[in-house]
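Taken together, the values in this text are just the output of simple stated rules run on the coordinates, not laboratory data. Since we're looking at a predicted model, the values are computed, not measured. Here the Cβ positions follow ideal geometry from the backbone for every residue, glycine too, while neighbour counts run over all protein chains shown.
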Amino acid sequence: MLATLNLSSINLLAVLVAAIVHMVVGLIWYQPKVFGDAWAGLAKADLKPSSRWMPVGAIGHLLMALVLAIIVNLAGAATVVDGLFIGILAWIGFIVPLEVGELIWEKIPFNLFLIRVGNHLIGFGLAGIILAVWR
């Protein structure tokens, strides 16, 4: 299977756009009138990000999009439905279990869990679509 992994077949512009779209989804998702105020109340935090960690967050989004692009390519996904399926599959397999850990160990409120996983559901779904159709 790894013999079929050819990174030169990855559209790096699509990876960049998928990462940016995922970040923009989060920026919209956490606006005060969307879920930001609810998140801040449940997390007992404010909506001011730590600017020193913003570059690390951007790199994380790029890595997420690159890994998702590799999975999309390995799966041969090439349609909107294929990309959405892969994005949701990655969300179910990677994001949801990590966030369940937050429920268990950090004892976060269930509604906070829903806000956090909801953001990633939309972000991963859109990133999967972008990476599948823009090859």
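General observations
- Of 64, 54, 23, the one that fluctuates the most in a GNM where the chain has Cα springs shorter than 10 Å: 54
- Relative contact order, percent, the range 7-66 [alpha-carbon distance under 8 Å, six or more residues apart]: 46 percent
- Applied to the range 41-46, the Karplus parametrisation 6.51 cos²θ - 1.76 cosθ + 1.60 on θ = phi - 60° returns per-residue 3J(HN,Hα) values of x, 6, 7, 6, 9, 9 Hz, with x for Gly and Pro.
- Degrees separating the helix 12-29 axis from the principal Cα axis of the chain, which is the longest one: 20 degrees
- Distant-in-sequence amide H partners of residue 108 (H built 1.01 Å from N, under 5 Å): 103
- With all pairs of different C-alpha atoms in the average, the Kirkwood value for the hydrodynamic radius of the range 58-125 is 12.7 Å.
- Ordering of 24-36, 72-84 by packing is 72-84, 24-36, highest average first (other Cβ atoms within 10 Å, averaged per residue).
- Nearest 10 degrees, 0 to 90: helix 110-133 Cα axis against the chain principal axis: 20 degrees
- Estimated vicinal HN-Hα couplings, Hz - the range 60-72 in sequence order (Karplus 6.51, -1.76, 1.60; Gly, Pro = x): x, 5, 5, 5, 4, 5, 5, 5, 5, 5, 4, 5, 4
- Restricting the range 38-117 to trypsin sites (Lys or Arg not before Pro) in coil, as DSSP defines it, with at most 11 other Cβ within 10 Å: 44, 107
- Cα shape, the range 22-98, gyration tensor, a/c 1.5 rule: prolate
- The residues neighbouring residue 100, those whose beta-carbon lies less than 13 Å from its own, together hold a net charge of -1 under the Lys/Arg +1, Asp/Glu -1 convention.
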